[in-house]
Each structure stands twice: as C-alpha cells, then as structure tokens.
Amino acid sequence: MTRLVTAELLMMRKRASTWILLGIWTALALTFAYVVPYIQYTNDPARGLADLLPENLVGTLLAGFPFFGGVLALMLGVLTVGSEYGWGTLKTLFTQGPGRLRVFGAKLIAVAAVLLVFVFVAFLLGAVASWAIAANEGAEVAWPSASLLIRGIAGGWLVFAVWAALGIFLAVVTRGTALATGIGILYAFVVEGLLSALAREVSVLDGLVEFFVRANGYSLVAGLGVSAEDVSDSGPGSFSGPFVAGGQALLVLAVYLAAFALAAGWLLRRRDVV
C-alpha cells in the first residue's frame, strides 16, 4: 500500500492540473481574503482593519473554504480518478496490478495528502499577507493560538475532503472528467446555492438545507471564527443560513465523506471499468 500511495503522489505531483488548481486556489484565497479587503480599507478606513490582522488569520482564511476552495477540491477529485478513464490506464492497472480497492484506497490517501498541502499553503501565504498588512499599518502582531490553528487547518481539510470525495464519486459514476466536473459545479452553484437562497423565503426548505454540504461547511468554519456577515455577501459563495451547531456540522460532513468514498469504491469494484 505504501508503494501505491507513493506512486499516486508522484503521479499527482507530475500532473499540471494539480499545480494549476493549487495556484488558482491560493490566488483566490489571498485575493478575496486580503488583497480586495485591504484595497477597500485604504479607500475607506472606516471599514476597519481587524479582519486582516494575524490574530484573525483562521477566520479570515476559512471563509473561502466551503465554496470557492471546495469547488477546486471537487475538480481535483474528479481529475485524479476521472482522467484515468480517459487515458485507459485503469483497465491495465486493474488487470495486471493489485486489487481495485487497494488502488482506490491509495488514490484516496494521495488526494487527502495533497489537500492538506492546499490547506497548509493557504495558511502560510495568509500568515505572510496578514503580517505584511500589520507591519505596513503599524498594527500590533498577535497570532492565533496553536489550538485554533490546528482546528482551523483540520476544519479546512475536512471541508476540502468532502468536496473532493464528491468529485471522485462523480468521476466513477460518469467514467470521465468533463461530465463529472459539469455536474459537480452545477450542483454546487445551482442546487445548493439556489436552494440555500430560497430557504430564506420558503421555510420548509430550512430543514433540507441544513443537511447540505455547503450549509454544514459554513457552519463548521463559523465555529472557528468566520463571521456570518463575511460570508453573507461574497458573490457566488454567499451564504446567509441556515447555520447549524458545530457538532452537527462535523458529523454531517464526516458522514458525507465516508458515504461518497464508500459509494465510489463499491461502484468501482462492482462494475466494468469501460
């Protein structure tokens, strides 16, 4: 298994798509978490500087994880498995190599490790950006506690992992990348986004929305310092509720992660590759 995981990690490292997604994610995270808000602050100091300082690093960064980062994690999951169908390598690998579930398990571990890199890079660059802003403005530099940093990194990784698992599941279902990516983005933007917005006007939808990936992702990061006001007006990623308790959010996301992974593994094992 170790050799399989190492091989998967090397393969993901060599794929241009992995680096492209990492670059897009970090650019989006820094732009919307620090660059745009700092420009707005310089034009209107009344907006305040608190969110951009190092002490609020966790809350400021995590606001972009449940949607913008989640969609990119979904695409990473799709490309990791779906591209194997396009290249025709799965059939050869399953015929000559180890069992299907071992190969699939190695892919899951490799994706999980790469997602952790995505989270670490975002936090590292966010820390640099917040420190630079504090230094430029002459503000006091105070960092969040180690406990909050660890919980923030773990929470961000869990949100990413759920979206990536959904992408992997869609890739197995559709046996490719294009349709899986389209369905995933359509689901994220239209189904969850539209129904979340309608929930404010149609009360019967509240109970349904509370079990969406999007709602539980935002609820999880809200417990780690993300302000509800910050995510209520963030373009396509806007979310104004309903929020659920942090424990429920953690449980629901864990169930989604396990369900997507198990369903994808079962389907991959039971049916023909092509």
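In the range 130-159, the residues that are farther than 15 Å from G223 by Cβ reach residues that are small (G, A, S) and open to solvent by less than 40 Å² (accessible area, probe 1.4 Å) with C-beta atoms within less than 7 angstrom, at least six apart or across chains, in these pairs: V141/A134.
If you check A110 against the conditions, is it more than 21 Å from T31 (Cα to Cα), under 16 Å from the mean Cα position of the chain (by Cα) and modelled with pLDDT of 95 or more? Considered against the rule, which asks whether it is more than 21 Å from T31 (Cα to Cα), under 16 Å from the mean Cα position of the chain (by Cα) and modelled with pLDDT of 95 or more, A110 comes out as no.
Among the candidates L90, L76, the residue that is under 26 Å from V5 (Cβ atoms) and in contact with a Leu (Cβ under 8 Å, 6 or more places away or on another chain) is uniquely L76.
Across the range 236-254, the qualifying residues are those that are over 16 Å from L158 (Cβ atoms) and open to solvent by less than 50 Å² (accessible area, probe 1.4 Å), and the one among them that is modelled with the lowest pLDDT is G237.
To keep it simple, each residue is scored yes or no on (1) modelled with pLDDT under 85; (2) in contact with a His (Cβ under 7 Å, 6 or more places away or on another chain); (3) open to solvent by 20 Å² or more (accessible area, probe 1.4 Å); (4) closer than 30 Å to E84 by Cα.
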site: L205; (1), (2), (3), (4): yes, no, yes, no
site: E210; (1), (2), (3), (4): yes, no, yes, no
site: V226; (1), (2), (3), (4): yes, no, no, no
site: Y256; (1), (2), (3), (4): no, no, yes, yes
site: A259; (1), (2), (3), (4): no, no, yes, yes
site: W266; (1), (2), (3), (4): no, no, yes, yes
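Return yes or no: is G126 farther than 28 Å from P45 by Cα and in contact (Cβ under 8 Å) with a residue 60 or more places away in the chain? No, not satisfied.
Just one residue in the set L115, L170, L166 is crowded, with 16+ Cβ neighbours inside 10 Å, aliphatic (A, V, I, L, M) and out of contact with any Gly (no Cβ under 7 Å at 6 or more places or on another chain); that residue is L115.
Scanning the range 146-191 for residues that are part of a helix (DSSP H, G or I), in contact with a Leu (Cβ under 9 Å, 6 or more places away or on another chain) and hydroxyl-bearing (S, T, Y) yields T181, Y187.
Counting only helices (runs of 4 or more DSSP H) wholly contained in the range 1-87, the ones carrying 2 or more residues that are in contact (Cβ under 8 Å) with a residue 40 or more places away in the chain and either open to solvent by 40 Å² or more (accessible area, probe 1.4 Å) or closer than 30 Å to A135 by Cβ (or both) occupy 2-14, 16-30, 57-62, 70-87. The single residue among W157, W131 that is open to solvent by 50 Å² or more (accessible area, probe 1.4 Å) and under 16 Å from E55 (Cβ atoms) turns out to be W131.
The values are calculated or read from the model by the stated rules, or taken from the named source; none is laboratory data. Computed from a predicted structure; not experimentally measured. Reconstructed Cβ throughout: ideal geometry from the backbone, glycine too, with neighbour counts over all protein chains shown. Please note that ligands, DNA and RNA were not included when accessible areas were found on the heavy atoms of the full protein model with its side chains. Shrake-Rupley method; radii C 1.70, N 1.55, O 1.52, S 1.80 Å.
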